[in-house]
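Bear in mind that the values in this text are calculations on the coordinates, not laboratory data. These numbers were taken from a predicted model, which means no experiment stands behind them. Using ideal geometry, Cβ is built from the backbone for each residue, glycine included, and neighbour counts are taken over all protein chains shown.
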Amino acid sequence: MQQDLVVIVDDDEELRSLLKDILESDGFQVLAFPSPHGAVREISGGRVNREIKSGNFPIVVSDNLMPGGMSGIDFLKEVRRESPGIPFIFMTAFGDDEIFRQSRELGASSYLKKPFSLNEFSEHISMARSDLKGQISRVERGK
Amino acid sequence: MREASSKRLKPEPKSIFFRCVEDCNDTVMITDITGKIIYTNPAWQKLYGFSPSESFGKTAKLLQSGHQDKKFYKKMWKQISNPKSGYWRGEIVNKSKKGTLLTVLLTITPFKSSAGEILGYMGIATDLSIQKILERKLKIQEHLGVLRHFSERFAHEVGTTLGVIRGRAEFLLKNLNDPGRLADGLHTIVGQTDRITGVIGHLLTFSRSKKTSVSEKIELRAKVERALQLVEPRAKENIIDLELNISEELAALGDRKRFFESITYLVENAIEAIEKSIQRGKVKGHKISLRGYKNRSGVVLEIRDTGCGISSEDITKIFQPFFTTKDIGQGTGMGLAMASRFIEDMGGEILVESEGKGAVFKITLPRAA
């Protein structure tokens, strides 16, 4: 069976490595980026893009506040331009209602406030995964 | 006919001046030479709430709010009676009949007889209370804006770090039987705790820093050499040339410790900018040059690097606390903020220039005699 793919974007090296360890021990394949730029390249043209084209959607987990001129909100817009079906889990430190509303309007699937517990994180991932499976089976039924 | 029209053009001076003073929106108060009130205009009566019968014959003490001390009034009268200045102008807080405090911009001028003898004094004032309230509101809004930016950055820095600590600990609980993971995870937790301690420490140093009266002789070359020693391993690792062009006798005035910390942050910043440029593919020919010289404003230390440069958008924010462009979550964005704070607290100035490639930081400090 093919492993499910998760794309992580966070400027914090330690957080990236933690999320990677958690997801890998749960059997996911993980690609982690320090800024949205690399992730956008992968999603619109690289390996992730090929996976998307063959129907294997990744789950995206992204921070909002990152250096380099592109925020999580900007990144979400880019991802949505590529595909409306990619689950996008949005993270911010302590949370901000305005950003939360914005991410929702732009089609983020869920919202995580840092610091979060591993259980919360795993719940959000499995929610995104079941969304994805639902979508795929709907597509297959429609065929 | 001609006479009549010319009459209309020539106002009667006394009545015209009286009407002007009566209708003036600024307050006018006239006292005799002993300071007793002999006239107030309607604007004055409206602002302070005293009718002519309540105020005439009394002195201006009627309006005293207690916000100015004796020294203040002494100085004011000294200036009014000094024939060279001949008047006093300044902001003063008065009190109305109801007890409301009113900030006014007041001018007191003596008026004289044709023989030059002082007959009394007139005070003309503009009520600044509304302006003061607006100024205060604006200031509060500015403060709130800065506070918001501060707390968002702080929350991001601390929230992420706490997230790692919590997550690592939970992950370890799930993997207690894996000794390799245990050691790694505990190391991360210790490191992240230090990071939060560092952020809070920096923030406090930054906010507690005050103008310093310490005025020691700082030998520039010796201090710069010590700062360079700290970064030498990192410079060697990245093949960065360190160039020093400061004469032995060049000395500034200030707080040695703060000066040393400031240049350490600036040199570290230069190294980081070059490391970033190396990551982007420009590997060779990097240099940090430090030059010291005297000019009219004092002693200047220039720190020039061949690093990635600063965008025009970032250059205005570079001295703000928690501002960072580092890709990896290592820097707290406090180094340059503290460097500029320290230099300014020593009565110096720090400027930055960058045109695409590289950057120059210019510190100016008072010169030691």
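Two-decimal Rg/Rh of segment B:2-127 from alpha-carbon positions, Kirkwood Rh?
Values: Rg = 16.6 Å, Rh = 15.9 Å.
That ratio is 1.04, to two decimals.
Need one word for segment B:132-266: rounded, prolate or oblate. Basis is the Cα gyration tensor (sqrt eigenvalues a ≥ b ≥ c); a/c below 1.5 gives rounded, then a/b vs b/c decides. Oblate is the answer for segment B:132-266, as a/c is 1.5 or above yet b/c matches or exceeds a/b.
Taking R0 as 35 Å, what FRET efficiency do you get between B:Y87 and B:I133 from their Cβ-Cβ distance, rounded to the nearest 0.05? Here the calculated transfer efficiency is 0.80.
Sequence-ordered 3J(HN,Hα) estimates for segment B:363-369 from the Karplus curve with 6.51, -1.76 and 1.60 and θ = phi - 60° stand at 9, 10, 10, x, 7, 7, 4 Hz, glycine and proline given as x. Counting, for every residue in A:6-15, the Cβ atoms of other protein chains within 10 Å of its Cβ and taking the mean gives 5. Judged by the gyration tensor of its Cα atoms, with axes a ≥ b ≥ c, chain B is prolate; a/c meets the 1.5 cut and a/b is the larger of a/b and b/c.
With everything on Cα atoms, drop me the angle between helix B:256-279 and the longest principal axis of chain B, reported from 0 to 90° to the nearest 10. In chain B, helix B:256-279 runs at an angle near 60 degrees to the longest axis. Estimated translational diffusion coefficient (Stokes-Einstein, Kirkwood radius over Cα pairs, 10 °C, 1.306 mPa s) of segment B:219-369: 103 µm² per second.
The number of Lys pairs in segment B:205-321 with C-alpha atoms less than 15 Å apart, excluding pairs fewer than 8 positions apart on the same chain, is 9.
Can you sort B:Y48, B:Y39 by how many other beta carbons sit within 10 Å, fewest first? Don't skip to the end; give the middle numbers.
On the way: B:Y48 23, B:Y39 18.
Exposure proxy ranking, most exposed first: B:Y39, B:Y48.
Springs between Cα atoms under 10 Å define the GNM used for chain A, and in it the highest mean-square fluctuation of A:G69, A:G95, A:G107 occurs at A:G69. The equivalent ellipsoid that matches the C-alpha gyration tensor of segment A:5-142 spans semi-axes of 21, 17, 16 angstrom, in descending order.
Taken along the Cα-to-beta-carbon direction at a fixed 7 Å, the label points for A:E123 and B:N25 span 6.2 nm.
Counting only alpha carbon atoms, the long axis of helix B:179-208 and the longest principal axis of chain B meet at about 20°. Given all pairs of different Cα atoms, what value in angstroms does the Kirkwood hydrodynamic radius of the protein assembly as shown take? Kirkwood radius, the protein assembly as shown: 29.3 Å. Here the residues B:W88, B:W44, ranked from fewest to most Cβ neighbours within 10 Å of their Cβ, fall in the order B:W88, B:W44.
Can you list the GluC sites (Glu not before Pro) in segment B:208-250 that are in a DSSP coil and have 16 or fewer other beta carbons within 10 angstrom? Before the final figure, lay out the partial values.
Working: sites: B:E216, B:E219, B:E225, B:E237, B:E243, B:E248, B:E249; in loops: B:E248, B:E249.
In loop regions of segment B:208-250 (DSSP not H, G, I, E or B), the sparsely surrounded GluC sites (Glu not before Pro) are B:E248, B:E249.
Axis of helix B:129-174 versus longest Cα principal axis of chain B: the two differ by about 20°, to the nearest ten degrees. Between A:M66 and A:G72, the built amide H atoms are under 5 Å apart, and every one of these is 5 or more places off in sequence or on another chain.
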